[in-house]
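Taken together, the values in this text are just the output of simple stated rules run on the coordinates, not laboratory data. Remember, it's a predicted structure, so these values are computed and weren't measured experimentally. Cβ: placed from backbone, ideal geometry, glycine included. Neighbour counts: every protein chain shown.
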Amino acid sequence: MEWATVPCVDPILVITNSLAGTSDQETLDRALTILRESASVEVAATSNPGELDGVLHRAGSRMIVVAGGDGSLHAVIAALHKRNELAGKTLALLPLGTGNDFARGTDIPLDIDEAARLVLSGEPRPVALILDETGCVVVNNVHVGAGAQASRRGHRWKSRLGSIGVGRVNLGKLGYPIGALLSSFQPPSQRLRVEVDGVVVNDLDQPVMMVAVGNGANVGGGTPLTPDADPEDQTLDVMISRAVTPGAKLDYLAKLRKGAHPERDDVLYVRGHEVSVSGEEFFVSADGEIYGPERSRTWRVDPDAYRMVLPPMGPKPADDQPTDED
């Protein structure tokens, strides 16, 4: 689908990561050509937090367009949050990463020309963010247990497989599924207490394989870990896998790639606004960044944290009109 380009009177600041190996300058130039037909555009390349902070310091009221992948988007949003400037900001995304999970989950086109046209013609709408008790942000997804190990190992496989192919058309997106398979048996399980909005949904007597808290649906280049998560609905999706036997793990992983794992009897899928995990030491993968070990962590939703340019919403069916469910 092509988005109609309309005149854009507001200036645009495009932030790129000069060290991102998956960024293709020729692809970016195509997007910039489209943007410059309708707007005044400044491009700023950054390679470290200090440079990024300097660029944001002079952003003013301009729309900020992140040209990069999920890591670049996280870096910009985290920096704006740290500067207490995220609220009221309008962001857009030119997906130039390998995984592009936030773009996939919000229907931002992966085709760079369509994505550029969307920047000019899309709807800025409020989206949520995840915050932990230390104030750190999660844009898309955070998970513990086997999922964190999958991210650790998947990152190595992503780097190896990313060199097989040309530009963004490579095998890097297979990193997370491979990491998940390799990590599914070590550790075999963990004993974790999980509370959602103050209610215990899993206690220490019930071992788990992994716990995921999703603001967005996908991780690892399209793996729907929390398939119903939507950053516009202002709630968190919580997925707890209790698949701890070898056979259960293999079947869980097979269904995970298709997003069918919540159908399993040993998977709990709930929604809420605050999630706490405690118990045995665990590592955390937050937007792909690994930290730990931890013994306790709490995440809450920050509703309407900022505005993101997204595809226009289709008209809702009238009350007297039949829907697909009728």
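Computed values, structure above
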{"read-out": "Global geometry of the range 6-122, whether rounded, prolate or oblate, following the gyration tensor of its Cα atoms and the 1.5 cut on a/c", "value": "rounded"}
{"read-out": "S18-E289 FRET efficiency (beta carbon distance; Förster radius 22 Å; 0.05 resolution)", "value": "0.65"}
{"read-out": "Contour excess over end-to-end distance, with Cα ends at Q234 and D251 and 0.36 nm allotted per residue", "value": "3.0 nm"}
{"read-out": "Fully extended contour minus Cα-Cα distance, from V270 to D107, at 0.36 nm per residue", "value": "56.4 nm"}
{"read-out": "Amide H within-cut-off set for N140, under 5 Å, with H built and near neighbours excluded", "value": "D287"}
{"read-out": "Neighbourhood net charge (9 Å Cβ-Cβ; Lys/Arg +1, Asp/Glu -1) for A243", "value": "+1"}
{"read-out": "All aspartates and glutamates inside 18 Å of K249 as judged from Cα atoms, apart from same-chain residues fewer than 8 positions distant", "value": "E263, D265, D266"}
{"read-out": "Alpha-carbon centroids, the range 113-130 and the range 17-92: separation in whole Å", "value": "14"}
{"read-out": "Modelled FRET efficiency - R0 25 Å, E281 with A87, Cβ distances, 0.05 increments", "value": "0.10"}
{"read-out": "Projected label distance in nm at V199 and D53, using a 7 Å step from Cα toward the beta-carbon", "value": "4.2"}
